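Colleague: Pasting a structure below so you can have a look.
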Amino acid sequence: PLWPDEESAVAAAALDRVDVMSSYDELTEAVAGRVVYLGGPITGVAGYKALFQRGAALLRRAGATRVWDPSGLPAGWDNGEYIDHCLMMVGRCEVLALLAGWQESSGVAVELPYARYKGIRAVDISGVCDG
């Protein structure tokens, strides 16, 4: 297929490699005992910290041993600094958990292909995470 730009092509190629979690039990099986990075939209999203906090709490309840949450990074960095730190966290996780709206996230557009390159499982938790 032809894509309008490289970013769309990358997102489309990665989309078929994301496991959609349809139940809490399925999520627990995916994350229990594992280190998880939480990805999703931040830039331009009102209330993103609350969404990430709910997602992180859900992952901890489901048994994740550690949740890397980029919404807690300091304000005021440039985009390059944010993605450098986020990729470091992604590289140290076992599961990449994606919040609602991840398909429109410029950060996830970089994090997801990197996770796939590293062999890290990606799961869409939007169906089991309220908000």
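The values are calculated or read from the model by the stated rules, or taken from the named source; none is laboratory data. For clarity, every value in this text was computed on a predicted model and none was experimentally measured. Glycine also receives a Cβ, built like all others from the backbone with ideal geometry; neighbour counts cover every protein chain displayed. We work out accessible area using only protein heavy atoms, side chains counted, and drop any ligands, DNA or RNA first. Shrake-Rupley method; radii C 1.70, N 1.55, O 1.52, S 1.80 Å.
Colleague: What figure, in Å² to the nearest 10, do you get for the accessible area of Arg34 with a 1.4 Å probe and non-protein molecules left out?
Modeller: It works out to around 80 Å².
Colleague: Would you rank Glu111, Glu94 by solvent-accessible area, highest first, keeping every protein chain in place and using a 1.4 Å probe?
Modeller: Heavy-atom accessible area, descending, gives Glu94, Glu111.
Colleague: Next question. Between His85 and Val20, how many nm apart are label points set 7 Å from Cα along the C-beta direction?
Modeller: Spacing of the two 7 Å Cα→Cβ label points: 3.3 nm.
Colleague: For region 98-111, what does the Karplus curve 6.51 cos²θ - 1.76 cosθ + 1.60, with θ = phi - 60°, yield as ³J(HN,Hα) per residue in whole Hz, taken in order and with x for Gly and Pro?
Modeller: 10, 7, 3, x, 4, 5, 9, 7, 5, x, 4, 4, 9, 5
Colleague: Given that just one value was derived from the coordinates, which of (i) 0.98; (ii) 1.77; (iii) 0.94 is Rg/Rh (Cα atoms, Kirkwood Rh)?
Modeller: Correct label is (iii).
Colleague: Ignoring ligands, DNA and RNA, what percent of the accessible area of region 40-131 is carbon or sulfur (1.4 Å)?
Modeller: Solvent-exposed carbon and sulfur of region 40-131 make up 50 percent of the total.
Colleague: Separate question: Could you do me a favour and compute the accessible area per residue for the chain, 1.4 Å probe, result in Å²?
Modeller: 54
Colleague: Step through the residues of region 55-63 one at a time and calculate ³J(HN,Hα) from phi using the Karplus curve (6.51 cos²θ - 1.76 cosθ + 1.60, θ = phi - 60°), rounding each to whole Hz and writing x for Gly and Pro.
Modeller: x, 5, 5, 4, 5, 5, 4, 7, x
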